[in-house]
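Here is the structure we will look at.
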Amino acid sequence: MKFTLLKTSLVAALFASSASLYAADNGLIAIITPSHDNPFFKAEADGAMAKAKELGYTTLVASHDDDVNKQNQLIETAIARKAKAIILDNAGADATVGPLEKAKAAGVPTFLIDREINKTGVAVAQIVSNNYQGAQLGAEKFAKLLNGKGKYVELLGRQSDTNAHVRSQGYHDILDDYPDMKMAAQQTANWSQTEAFTRMESILQTQPDIVGVISGNDTMALGAEAALKAAGKTNVIVVGFDGSDYVRDSIIAKSNIKATVLQPGWEQAQMAVVQADFYLKNGKPQLQEKQLMDCVLIDDSNASMLKTFKLAK
């Protein structure tokens, strides 16, 4: 595969803290996630950066925007900058394997969060939410909110993302057991609020009698909610997945979105940095490579306790 090279100035701009690159006693940790326009990914980056600083590391923070070529250039840059470790929410389960093998060969350990890759033994850790368990929680709540009947829509995430498929499977392993619930449409909106708005507008033209929307993430849920409001469909129930503050506010305001599923993005990112620190100091992994973190249902009973993808204790 031929990758387009980024200019040096562009790579430098992507990494916000390069000016203090060599100031930390413990060295540099690169933190690479999808776009920070999505608050979940911003929370990951912020959580990882805060923990790295606490442990005495400097950070390079960048977004690959779900562009594999851009991601690979950022990994190359991290290797060239002699990063001690890479914290990564990757741009593709298959496409990421090769670049991580290159990082491993260069002596730069990687710690994955949120999204898995399709190979073990390449990353030191893969810390991900139990998306199947979380999706089942969301589907059970969705069915209860709809009283087990009616036509609904499913909005899917990016097709190259394993999480999109796992969440959909978890939804359907619950919802397909309800004979009076019928899926009227299933469309991909690529985790995007704008695309979800457009898809929902189009679906409403052919399926005006839907009673619910179940979404693969909160960003798409917010797009669907906006389209429903624009169409005057204030009684159509929406359930999301992620646990964002924006969806929390919709739940509290008793808007279309009635529930979401919290995946602990902040905690995952901080755990990845802690495990990177352990590995660098001890020369061995702290825990097994594949690590699952259970999700939590968020509804009107606990939404007020949610902030920045974590529940107040």
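The values are calculated or read from the model by the stated rules, or taken from the named source; none is laboratory data. What you see is a predicted model, and the numbers here were worked out from it, not measured in a lab. Positions of Cβ are backbone-derived with ideal geometry, glycine not excepted, and every protein chain shown enters the neighbour counts. The accessibility values were calculated without ligands, DNA or RNA, using every heavy atom of the protein model including side chains. Shrake-Rupley method; radii C 1.70, N 1.55, O 1.52, S 1.80 Å.
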Quiz item: Inside the stretch 42-61, can you point out the residues that are free of Cβ contacts under 8 Å to residues at least 60 places away in the same chain and under 15 Å from the mean Cα position of the chain (by Cα)?
Solution: K42
Quiz item: Looking at this structure, is M271 buried (at least 20 other Cβ atoms within 10 Å of the Cβ) and not assigned by the TED database to the domain that holds L137?
Solution: yes
Practice problem: Collect the residues in the stretch 13-34 that are open to solvent by less than 50 Å² (accessible area, probe 1.4 Å) and either modelled with pLDDT under 95 or in contact with a Pro (Cβ under 8 Å, 6 or more places away or on another chain) (or both), keeping them in residue-number order. | Solution: L14, F15, S17, S18, L21, A24
Quiz item: If we scan the stretch 124-139, do we find a residue that is over 27 Å from T194 (Cα atoms) and modelled with pLDDT under 95?
Solution: no
Self-check item: Output for the stretch 293-310, where each listed residue is open to solvent by 50 Å² or more (accessible area, probe 1.4 Å), in contact (Cβ under 8 Å) with a residue 40 or more places away in the chain and not hydroxyl-bearing (S, T, Y)
Solution: D294, V296, D300, K307, K310
Practice problem: Would you list the strands (runs of 3 or more DSSP E) that sit entirely within the stretch 159-267 and hold 1 or more residues that are open to solvent by 40 Å² or more (accessible area, probe 1.4 Å), in contact with a strand residue (DSSP E or B) (Cβ under 7 Å, 6 or more places away or on another chain) and more than 25 Å from N90 (Cβ to Cβ)? | Solution: 181-188, 257-262
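Let me confirm something: among K254, K229, K233, K258, which residue is under 21 Å from the mean Cα position of the chain (by Cα) and basic (K, R)?
Just one listed residue meets the conditions, K258.
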Exercise. With the condition kept exactly as written, say whether any residue in the stretch 271-290 is farther than 30 Å from A85 by Cβ and modelled with pLDDT of 95 or more.
Key: no
